Amino acid sequence: FSSEAFVATIRKEIQVAGALGCRHIVINSGAKSERILKGRFPGLSPQAFIHYGNFIGDTLKIAVEEGIERITMGIMIGKAVKLAEGNTDTHSGVVSMNREFIAALLSKAGGSADCCRRIYDTALARELWTILPEDHPFFGLLVQKCSDVCREFIGDCQLEILLIPEIPEKN
């Protein structure tokens, strides 16, 4: 697919949401996270839900350019660890999961030396859900780092970031 076409589609979707009076949009990476977010925001128009794919930075810039006042971002952990490090294009062909960054963040959040070592044995970021309890301070620090990165794109626009836990596939 064309990255430019995908970003142009994001712009059109945000423009449609704005034309329909949506001042609050919910951006997400795809269908799995959108299902959860629609349940959390049942009163929002379907057009307020916009897929960013891997283009988080572009989506945020466009939302601000189009006058959106409030953004809720649903993000799964694989994209969150990349965004927290400062990568706003999270495509696997552009950036890989940085285990050193994750281990350092975990250490800063009070993770044990053993937990930090276990990070180096992970193949996928979603394995963090099996290493750490859901209420571990790491996840809050991760979301804060994501928010810090996003601030450079959105200025004073209201931003809420929701870390979406792994969702088992329906059979």
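So if I average 1/r over every pair of distinct C-alpha atoms in region 74-127 and take the inverse, what Kirkwood radius in Å does that give?
Values: mean 1/r = 0.0872 Å⁻¹.
Radius from the Kirkwood sum: 11.5 Å.
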Kirkwood Rh, Cα atoms: Rg over Rh of region 37-171: 0.98
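Longest span of the chain, sites excluded, free of chymotrypsin sites (Phe, Trp or Tyr not before Pro) in DSSP loop with at most 12 other C-beta atoms within 10 Å?
Working: sites that count: F1, Y120.
Looking at the chain, 2-119 is the longest stretch - no exposed chymotrypsin sites (Phe, Trp or Tyr not before Pro) with at most 12 other Cβ atoms within 10 Å.
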In region 89-171, which trypsin sites (Lys or Arg not before Pro) are in a loop and have at most 11 other Cβ atoms within 10 Å, using DSSP for the loop call? K170
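Fully extended, how many nm does the chain gain between Q15 and I154 (0.36 nm per residue separation, minus their Cα-Cα distance)? Walk me through the numbers on the way to the answer.
Values: separation 139, 0.36 × 139 = 50.04 nm, distance 1.67 nm.
Length difference between fully extended and current span is 48.4 nm.
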Total charge of the residues flanking D89 in space, meaning their Cβ is under 9 Å from its Cβ, with Lys and Arg +1 and Asp and Glu -1, is 0
Let me check against my output: what whole-number percent is the relative contact order of the chain, with C-alpha pairs under 8 Å and at least 6 apart? 26 percent
State the three equivalent ellipsoid semi-axes of region 1-73, derived from the C-alpha gyration tensor as the square roots of 5 times its eigenvalues, in descending order and whole Å. 18, 15, 10
Expressed in nanometres to one decimal, the distance between label points 7 Å along Cα→Cβ at S96 and R23 is 4.6 nm
Computed over region 1-130, protein heavy atoms only, probe 1.4 angstrom, the accessible area per residue in square angstrom equals 48 Å²
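The values are calculated or read from the model by the stated rules, or taken from the named source; none is laboratory data. Note that the structure is a prediction, hence the values are computed from the model and not measured. Neighbour counts run over all protein chains shown; Cβ positions are idealised from the backbone, glycine included. SASA here: full protein model, heavy atoms, side chains in, ligands and nucleic acids out. Shrake-Rupley method; radii C 1.70, N 1.55, O 1.52, S 1.80 Å.
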